[in-house]
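The values are calculated or read from the model by the stated rules, or taken from the named source; none is laboratory data. Bear in mind that the values here come from a model prediction, so they are computed numbers and not experimental data. Here Cβ is always computed from backbone atoms with ideal geometry, including for glycine, and neighbour counts include all displayed protein chains. To get the accessible areas, we keep the full protein, side chains included, count just its heavy atoms, and leave off ligands, DNA and RNA. Shrake-Rupley method; radii C 1.70, N 1.55, O 1.52, S 1.80 Å.
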Amino acid sequence: MDPNTLALFQTLAQGLLTGGIYALIGTGLSLIFGVMRVINFAHGDFLAVGMFIALFLFQRFHLDPYLSLLIAAPLGFGLGYLVQRFLLARLGDRLESSSLLATLGLGLILSNGLLLGFGAQPQSINVAYATQTFKLGGVQISLPLLVAGLGTLLAIGLLNLFLYRTELGRAVRATAQNPLGAELQGVNTTWVQAVVFGLGVAFAVVAGVLLLPLLYAFPTVGENYTLKAFVVTVLGGLGNLPGAIVGGLILGIIESLGAYYLSNNYRDAYGLVVFLAVLLLRPEGLFGRTVKRV
Amino acid sequence: MTERTKVAQPVSGDAEVLSVRDLDVAYGEVQVVFGVSLHVAKGELVGLVGGNGSGKSTILRVLSGMLRARGGAAQYRDHNLNGVPPYRITELGVAHVPMGRQLFGQMTVEENLLMGAYLPRTRERRPQNLQRVYDFFPRLKEKRASPAAALSGGEQQMVAIGRALMSEPEVLLMDEPSLGLAPLVVKEVMRVIGSLRQLGLTVLLVEQNVRQVLKVTDRAYVLELGSLVREGPSADLLDDPEIRRAYLGV
Ligand SMILES: Nc1ncnc2c1ncn2[C@@H]1O[C@H](COP(=O)(O)OP(=O)(O)OP(=O)(O)O)[C@@H](O)[C@H]1O
Ligand SMILES: [Mg+2]
């Protein structure tokens, strides 16, 4: 293969895998929005919490970050469940109007809590595979990035099974489509919302853990990811889960292409440009209403 | 809809399953229901009629837990209903077919019906109940795989009723099932409601379509500006000159 083609493939592979993580983050945000009509502005901060849970478990107990998923994911679920139960559910009828401030405030509490507990300096973990790569037809792929991509596939696959193959999953979809109708069928929609918020946060936390071998952890690392999650979700259409997955992949590829062919300094800006273009041209998202929602 | 297949005769007094006494309901400071009392006996089909904004839906909302009354009592058998969340009232055996049907538009007809059997107490008999609903509404069986949103208004109303039946209710509350339907379809829906008693159901039917309601129900209450003004056997009300003038346009 000539070097230019190889570089293109390299960039695309990188973008696709990074996009997988964005898809994971965006799916959580979109799921929450689809069911509760709430945009979780603390989403990236939950991702940061995930990174620090894995960091803590690694430093304290030498637990491999991938193993710590078994602890971090349930913790994230519980955290999200409690936040919905004791914070968002209290807003009652004012939920849609007050959730922006409530989740923004929550994000501040989380990032400042991390600052208190772990300090401001960026930290990373020292695992052998962090810098490991392998070649696939000439394309070099980072091992942790590949694991992150596979983890995303697994998480989204499980979510799909849950939503379309279980009784509770059907109740979640019903609640998303018509909360009053669901409540009248005997669904405790307040509880369903807590489960959904828990799942969304667990997705963010899992994404954080998967990113730890790749990135430095610092308390405000999440801000950028809240923005990315939002971009992904809007690209795919708010509340549209398949849309969020495609949106994530698109964002990853755009960033990667932009970083390689234009300038690496503006990596985070390329997605925003596309985001603005989509908002202006197709405010309902790339797929509009034609794709099945939650 | 399982064992209760006998046609119960309307009886009064201790056989009443649903009742409302001296009900006062307000939205914020604005009171819209004033001291309303009514009851429905086992197996009865009772209508609640009145003009726009007279408070019919408000009373149903209290009975299905969507709204808390300011004063008075709402009861299903021994259970006080006031302030109980909707999902628990469904669990007790009072199903609500809400105004506007409130279907799950992107789910198939069958999934909508299955949602009606979400309650654990009914899950075991779900296949039989589904079969009964399909027997009752053969049209729904044909459309079982279509998204609910793609159905006609009349068919959607059948889905809403079928979905409510899936929870094996004793009492069915219905709010304006004829809303937005063509006259011929209204007749069909009313025929269906009339035949619900074959399933042993007790029904409280709220409607603006006074003539149709009085034709199909046993008894009816007439609400005006939040207060009851008349009640009695539907056949009598249908002949009543005052009712005819005010509601039937004759
Ligand atoms: N959510 C609400 N907030 C404030 N006022 C309300 C609300 N819902 C209904 N009302 C008022 O309460 C009164 C009774 O309304 P309700 O919906 O019970 O009437 P209705 O008899 O069902 O009328 P319709 O036949 O038009 O459905 C009306 O004056 C209405 O404006
Ligand atoms: Mg009404």
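Only a single criterion out of (1) touching a residue at least 24 places away in the same chain (Cβ under 8 Å); (2) within 14 Å of chain B (Cβ to nearest Cβ); (3) surrounded by fewer than 20 Cβ atoms within 10 Å (Cβ to Cβ); (4) under 22 Å from the mean Cα position of the chain (by Cα) is not satisfied by residue A:173, namely (3). Of all residues in the range B:84-102, at least one satisfies being within 23 Å of residue B:34 (Cβ to Cβ) and more than 16 Å from ligand 2 (Cβ to nearest atom). Search the range B:102-131 for residues being crowded, with 18+ Cβ neighbours inside 10 Å and more than 8 Å from chain A (Cβ to nearest Cβ), and hand back the single one that is nearest to residue B:151 (Cα to Cα). So the residue we want is B:109. Could you check, for the range B:66-85, whether at least one of its residues is under 16 Å from the mean Cα position of the chain (by Cα), buried (at least 23 other Cβ atoms within 10 Å of the Cβ) and at the interface with chain A (Cβ under 10 Å from one of its Cβ atoms)? No - not one qualifying residue is present in the range B:66-85. Of all residues in the range B:215-223, none are open to solvent by less than 10 Å² (accessible area, probe 1.4 Å), more than 16 Å from ligand 1 (Cβ to nearest atom) and within 28 Å of residue B:26 (Cβ to Cβ). Among the residues making up the range A:77-117, a single one is small (Gly, Ala, Ser) and either outside any helix (DSSP H, G or I) or in contact with a Gly (Cβ under 6 Å, 6 or more places away or on another chain) (or both): A:80.
Identify, please: which residue in the range B:48-57 is open to solvent by less than 10 Å² (accessible area, probe 1.4 Å) and either over 14 Å from residue B:229 (Cβ atoms) or among the hydrophobic types (A, V, I, L, M, F, W, C) (or both) and is, among those, farthest from the other protein chains (Cβ to nearest Cβ)? Within the range B:48-57, the match that is farthest from the other protein chains (Cβ to nearest Cβ) is B:49. If only residues of the range B:164-199 that are more than 18 Å from residue B:215 (Cβ to Cβ) and away from chain A (no Cβ under 14 Å) are counted, the one that is least open to solvent (accessible area, probe 1.4 Å) is B:170. In the range B:87-97, of all residues being at the interface with chain A (Cβ under 7 Å from one of its Cβ atoms) and surrounded by fewer than 24 Cβ atoms within 10 Å (Cβ to Cβ), the one that is farthest from residue A:174 (Cα to Cα) corresponds to B:91. Quick check: anything in the range A:180-193 touching a residue at least 24 places away in the same chain (Cβ under 8 Å), open to solvent by less than 20 Å² (accessible area, probe 1.4 Å) and under 21 Å from residue A:79 (Cα atoms)? Within the range A:180-193 (the criterion being touching a residue at least 24 places away in the same chain (Cβ under 8 Å), open to solvent by less than 20 Å² (accessible area, probe 1.4 Å) and under 21 Å from residue A:79 (Cα atoms)), the answer is yes, since at least one residue qualifies.
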